[in-house]
There are 2 protein chains.
Amino acid sequence: MDKVHAGRNLTQQLVHTLGAAIVQGDYPIGGGLPSEAELCEEHQISRSATREAVKMLTAKGLLASRPRQGIRVQSKTNWNMFDPDVLEWVLKGTLTLNLLKEFLQLRLAIEPEASALAAENQNLELISRISLALKRMKAADAGLDDSLEADIEFHMSILMASDNPFYQQLRNFIDTALRVSIRFTNRIKGVQTADYSAHKDVYDAIVLGDTEAARSASRHLQSEALELIKNEMDK
Amino acid sequence: MDKVHAGRNLTQQLVHTLGAAIVQGDYPIGGGLPSEAELCEEHQISRSATREAVKMLTAKGLLASRPRQGIRVQSKTNWNMFDPDVLEWVLKGTLTLNLLKEFLQLRLAIEPEASALAAENQNLELISRISLALKRMKAADAGLDDSLEADIEFHMSILMASDNPFYQQLRNFIDTALRVSIRFTNRIKGVQTADYSAHKDVYDAIVLGDTEAARSASRHLQSEALELIKNEMDK
DNA sequence: ATAAGCTATATATATGATAAAAAAACAAAC
DNA sequence: GTTTGTTTTTTTATCATATATATAGCTTAT
């Protein structure tokens with residue numbers, strides 16, 4: 001069995017194989033994929049499984065199919081970039097400094113506002129999770145915990161504390177992106193441990209209920225990372 | 001033929017019927033849907049069509065299915081809220097002032113930053129589209145164009161001008177949400193025509209390349225709408 | 001009591017046949 | 001010669017049925 005797809009059923013295997021291939025540009029946008037029958041041939045699976053995979057990719061905005069016209073790759077503007085699968089394919093397939101920059105430009109919008117909401121709402125239970133994540137970061141500095149996991153946990157708990165389902169839904173999105181892009185950012189500079197105090201600033205502002213300070217501390221944290229990438233791109 | 005679903009094939013009809021029903025809470029979260037076979041019975045369609053619909057809803061994060069366990073509704077945190085279909089079902093099915101507030105809290109993060117990026121990038125071709133939308137808004141004030149369409153076009157063109165694929169991808173999302181929620185916001189106060197000058201402020205700052213002014217003008221525009229909702233909720 | 005094995009039942013997969021849709025080729029009318 | 005209407009053809013869409021596989025719950029051996 002294909003180790004990459006272990007644990008998945010045939011349909012899901014094909015979804016991931018095709019999804020990654022499409023995003024990587026193996027099939028021309030607007031142009032056609034192999035026909036249903038040819039896909040069965042190529043991948044040696046039944047029409048049911050093939051059709052179900054195509055339908056799932058259609059649901060994610062990557063494909064469209066019509067009789068006589070075949071299966072076509074949709075234009076990029078139709079791709080559900082916020083679908084964790086699609087995002088993962090995009091990041092793994094075409095990760096560049098420029099894409100990383102664009103991702104950070106989005107976080108620069110999201111996280112400061114989420115922090116501000118967290119400060120405003122004062123949901124103590126959700127805020128305590130931020131505190132725990134911060135402790136994990138400190139422990140990671142001392143080599144007692146995983147730095148990446150602690151960092152992710154911190155940012156996830158902020159999104160949760162916003163108490164807004166739209167921000168909360170972005171957890172999967174940011175989680176996926178952080179995991180994929182971390183090797184990139186870490187390679188550039190000693191990012192992982194240097195910014196504990198910057199993270200603490202965000203937490204402190206949230207605990208105090210200082211909306212404006214939370215927004216600004218979080219913005220500071222994000223824009224530093226963004227500047228790092230921009231500098232790297234200028235080289 | 002069911003007029004609501006005209007023009008769609010059977011699979012897509014079932015996707016929308018089930019999607020709307022799930023989001024509205026017709027089926028218990030975590031609990032089960034009718035079995036595959038029962039769904040065929042109920043909707044009088046074949047297993048292929050039924051399975052393909054279930055797979056599409058699975059791709060959107062609403063369902064999960066396993067042998068012997070059946071088809072289950074996923075918890076809300078797994079729903080791809082940024083999928084235009086899901087968003088439409090959520091907004092149409094459960095639109096409340098609170099949900100509208102949460103949506104505006106997200107726009108408050110996105111649009112100011114998109115405006116800032118637009119000002120920074122100075123992509124003249126994309127910026128000219130904002131100008132056209134603004135002209136349409138003015139025309140709409142004089143009854144010569146559709147107010148809602150012009151307003152949507154304005155906000156879409158700003159997202160495009162950000163020149164960032166993640167922001168651009170939010171076009172579908174914000175487009176859907178604006179269309180559904182407009183009857184709500186219009187009902188509250190004379191929102192539609194009053195804010196031409198506020199929109200123009202955003203455009204002017206972008207044209208001048210004044211990043212900070214663009215952010216702040218856009219933020220002002222969004223937060224006014226948010227305050228309106230909050231006041232309404234306090235009544 | 002616990003773990004290995006069995007059973008029942010749901011989805012997963014395979015395959016054949018038919019329907020419907022739409023592009024392309026063709027024919028007719030003007 | 002261009003337009004308009006019709007037929008052809010190809011592809012997906014749908015249906016029906018058979019088989020495989022996975023798993024929750026039960027059974028049984030130890």
Exercise for the section: Could you tell me which numbered condition B:MET81 fails, if it satisfies all but one of (1) in contact with a helix residue (DSSP H, G or I) (Cβ under 8 Å, 6 or more places away or on another chain); (2) open to solvent by 50 Å² or more (accessible area, probe 1.4 Å)? Expected result: (2)
Practice task
Report yes if A:LEU63 is open to solvent by less than 10 Å² (accessible area, probe 1.4 Å) and more than 16 Å from DNA strand C (Cβ to nearest atom), otherwise no.
Solution key: no
Practice task
Tell me, yes or no, whether region B:119-133 has at least one residue that is within 10 Å of chain A (Cβ to nearest Cβ) and more than 30 Å from B:VAL54 (Cα to Cα).
Solution key: yes
Exercise for the section: Could you list, in sequence order, all residues of region A:133-165 that are charged (D, E, K, R) and assigned to a helix (DSSP H, G or I)? Expected result: A:LYS135, A:ARG136, A:LYS138, A:ASP141, A:GLU149, A:ASP151, A:GLU153
Exercise for the section: Please work out which one of (1) within 9 Å of DNA strand D (Cβ to nearest atom); (2) under 21 Å from B:GLN168 (Cα atoms); (3) surrounded by fewer than 12 Cβ atoms within 10 Å (Cβ to Cβ) is the condition A:THR58 fails and give its number. Expected result: (3)
Practice task
Scan region B:23-37 for residues that are out of contact with any Gly (no Cβ under 9 Å at 6 or more places or on another chain) and more than 8 Å from DNA strand C (Cβ to nearest atom) and report the count.
Solution key: 6
Problem - Unique match (being at the interface with another protein chain (Cβ under 9 Å from one of its Cβ atoms), more than 15 Å from the chain's Cα centre (by Cα) and open to solvent by 60 Å² or more (accessible area, probe 1.4 Å)) among A:ARG51, A:ARG72 - result: A:ARG51
Handout entry: In region A:69-84, residue farthest from DNA strand D (Cβ to nearest atom) [restricted to those that are more than 21 Å from B:ASN164 (Cα to Cα) and in contact with a strand residue (DSSP E or B) (Cβ under 6 Å, 6 or more places away or on another chain)]
Key = A:ARG72
Practice task
Would you mind telling me which numbered condition in (1) within 11 Å of DNA strand C (Cβ to nearest atom); (2) basic (Lys, Arg); (3) in contact with a helix residue (DSSP H, G or I) (Cβ under 6 Å, 6 or more places away or on another chain) A:ARG51 fails?
Solution key: (3)
Handout entry: Meets criteria (basic (Lys, Arg) and at pLDDT 90 or above) for A:ARG68
Key = no
Handout entry: Unmet requirement for B:GLU111, which otherwise passes all of (1) surrounded by 20 or more Cβ atoms within 10 Å (Cβ to Cβ); (2) more than 10 Å from chain A (Cβ to nearest Cβ)
Key = (2)
Problem - Candidate set from region A:75-107 (those that are within 12 Å of chain B (Cβ to nearest Cβ) and among the acidic types (Asp, Glu)); member that is nearest to A:GLY25 (Cα to Cα) - result: A:ASP85
Problem - Some residue of region A:152-168 being more than 11 Å from chain B (Cβ to nearest Cβ) and at positive phi - result: no
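The values are calculated or read from the model by the stated rules, or taken from the named source; none is laboratory data. Nothing here was measured: the structure is a model prediction, and the numbers come from that model. We place every Cβ from the backbone using ideal geometry, glycine too, and count neighbours over all the protein chains shown. Note: areas computed on protein heavy atoms with side chains; ligands, DNA, RNA excluded. Shrake-Rupley method; radii C 1.70, N 1.55, O 1.52, S 1.80 Å.
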